[in-house]
Structures are given as structure tokens and as C-alpha cells.
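Novice: Can you read through this structure? Questions will come right after.
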Amino acid sequence: MKICIVGAGAIGGYIGAKLAQAGEQVTLIARGAHLQAIQQQGLTLRNADGTEELIKDVVATQDISTAGTQDVVILALKAQSMPGVAPSLSALYDTETIVVTAQNGIPWWYFRKLESPYADYQIQSVDPQGIIEANIPVDRVIGCVVYPAAELVAPGIVQHIEGDRFSLGELDGAKTPRIQQLSQSFRQAGIKAPVRNQIRNELWVKLWGNLAFNPISALTRCTLEEICQYPLTRELAKNMMLEAQAIAEKLGVEFGISLEQRIEGAEKVGAHKTSMLQDIEAHRPTEVDAIVGAVAELGKLTKTPTPYIDAIYASVKLLEKTLTC
């Protein structure tokens, strides 16, 4: 298949490298020194087991309009970058092109194709002007929950840290031929890609930890392991997660694991810097609106108090402002 990775950084680069190795026609959308390195030397994937592979059989460009129509578009860029990129995505669409949203946090499509009293609600924290939804037809969308951890350690070099699962789901839960074909392509590339009929449940399990550990790490400059092992920050994370759980359950979400199991899972990742901490250290905008702000917004929508989430959200927003202004 022809697959375009929009946002070929750490996670996007990892997906693109694996799919290209499996023989898919991969186009990477990147920029700056990273793009230049890929164009000149190829994309290097450093595996978690210490091995290293150089992938040259990819097309890399900054200009989406030159990539041509695709079978699959994988959006692996950060959530805050989506409004700026969405208007250019139509150049990649053919009649059957699917769009896989591989961002952290609450996605803009969350209430679409869902039986809910909030079916028409537009999540302001993620898509305040409706630009994303206006440019990505909802019928093209396949939801995706990203589990691997990776870092862009140098231009053209992606370090895979751990994890190889990307859960996929149609927004209405159907097991369509297109999602089954996509899952098969991922599996052939050595990527676990289970098809879920309740993708929102799994999205919340991932978000459950992210909404606490990511901003706490950004504020403290500490790793997942350190946050989980220090009693005060572990308790803070737990309180944020309890607030989020109350919201999610009002929206009909079922958590398949306990809160303590989710915390223990984060602790097992070890001395890993979250993506939000990496962004803060690089003085880049963070995904705090999609990961934390959107949950606070849903708290107001469902009339659920979120004092811990609100306080941490405000703190990260101010930190982000002081570092990026």
C-alpha cells in the first residue's frame, strides 16, 4: 500500500521505518535537519534490543502537496500541530484513502459516530475553530491508540525504547475490510495492531496515565519511574486519575484494569522522559491541551469537579508560555 506518515518524528519515524522494511511504499513528511538527514542518508532505526537498521527505501519531503494520493495517511504529528496541517491533507486523498489519527489525548472526533447526548459537541481544547474536522472527513478516520515509546535522538535517527502495539478501531466499532487490511499490514511489519470494537475505552486507559504523568513530568523534570516511586507525586497522579475516571465513566467508558495496575504499568517503563517533558526541555509547545485541557473541558461538560487536573493544567500552560514565548 501507499502510506504517508505525516509527522515522521519519533513515533512516526518508527512506524514508517517498520512499514518500509515490510515492503510498503512509504512517504515521510518531515522538516528541518531531520528531513535533510533522511534525504541524504536514510532513516536510522535503533531498536530496543541494541541493533540498528538503516532504511533508505522511503520518500521524504516537507511538501505534502508533492506526495501524491495515498491509500493510508497516518497522522503522527503532535495534537497541537493538527490545525496547521489539516487544510493541506486533501492533496493526499483518493476516493478510498483512510486517515489514521495517532495522537495522544482526546481526539477531535471523540463524539462522532457515538450514541451520546454530546454527539454534536465540538471539543474546543483540541479543535477550537473546527479546522481539523472541516478538513478530515469523519468517514475516512480510523482511531489509533499509540503504545510504543521512542525518541528522536538526532536528525535522521529514531531510538525505539519499548512497546510495539498500535490498537486500531473504526469510530462506530465495525470490523470493516479496510481496518482488517490495515491491521494485517502492520502485523506484517512486526507491529501489533489489534482491532478494537470499543476504541474509546482503550483510548481512555492510555490517557488515564498520560494526563497525570506527562504534565507532572514536565513540571518536575522527572521520569515515569521517579514520579511513581515518590509517594507525593504518586498520590497526585492517583488523584488526577480518579477525577478522569469519574468523567470517563459518565461518558460510558469501561476501564479494563485498575488504577493501581495503570500506575504500575507506567512505573515499569522505567527512567523514560515523557514526550511532554521532552517538549518542555526543547522549548517546544506541548500536547497539554489534548491530554489535560480536553479532560478538564469534558469535566465541565459532564459537571464533574476536576480541581487536581485544573491546577496541573494551569501550571503547565504557564510553564509552556514562559519557555516558548
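Novice: Within the range 121-175, can you find the residues that are surrounded by fewer than 16 Cβ atoms within 10 Å (Cβ to Cβ), in a loop (DSSP other than H, G, I, E, B) and among the acidic types (Asp, Glu)?
Specialist: ASP172
Novice: Mind counting the residues in the range 172-192 that are small (Gly, Ala, Ser) and closer than 20 Å to LEU45 by Cα?
Specialist: Residues in the range 172-192 being small (Gly, Ala, Ser) and closer than 20 Å to LEU45 by Cα: 3 in total.
Novice: Tell me the residue from VAL138, VAL145 that is in contact with a strand residue (DSSP E or B) (Cβ under 7 Å, 6 or more places away or on another chain) and β-branched (Val, Ile, Thr), please.
Specialist: Going through VAL138, VAL145 in turn, the sole match is VAL145.
Novice: Turning to a different aspect of this structure: For the range 293-317, give me each residue that is assigned to a helix (DSSP H, G or I) and under 19 Å from TYR118 (Cβ atoms).
Specialist: If the condition is that a residue be assigned to a helix (DSSP H, G or I) and under 19 Å from TYR118 (Cβ atoms), then GLY293, ALA294, VAL295, ALA296, GLU297, LEU298, GLY299, LYS300, LEU301, ILE309 are the ones that fit.
Novice: Among the residues of the range 176-195, what is the count of those that are assigned to a loop (DSSP other than H, G, I, E, B) and either crowded, with 20+ Cβ neighbours inside 10 Å or of a type in the set (Gly, Ala, Ser) (or both)?
Specialist: 3
Novice: Right, another one. Report yes if some residue within the range 180-187 is closer than 20 Å to ALA290 by Cα and touching a residue at least 24 places away in the same chain (Cβ under 8 Å); otherwise report no.
Specialist: Checking the range 180-187: not a single residue is closer than 20 Å to ALA290 by Cα and touching a residue at least 24 places away in the same chain (Cβ under 8 Å).
Novice: Can I ask one more? Has the range 216-231 got at least one residue that is of a type outside the set (Val, Ile, Thr), in the same structural domain as SER275 (by TED's automatic domain parsing), within 14 Å of ILE291 (Cα to Cα) and modelled with pLDDT of 95 or more?
Specialist: Yes, that holds for at least one residue.
Novice: Residues that are touching a residue at least 24 places away in the same chain (Cβ under 8 Å), under 20 Å from PHE186 (Cβ atoms) and in contact with a Lys or Arg (Cβ under 6 Å, 6 or more places away or on another chain): list the strands (runs of 3 or more DSSP E) wholly contained in the range 1-70 that include at least 1 such residues.
Specialist: 25-29
The values are calculated or read from the model by the stated rules, or taken from the named source; none is laboratory data. A quick note: this is a predicted structure, and the numbers were derived from the prediction, not measured. Neighbour counts run over all protein chains shown; Cβ positions are idealised from the backbone, glycine included.
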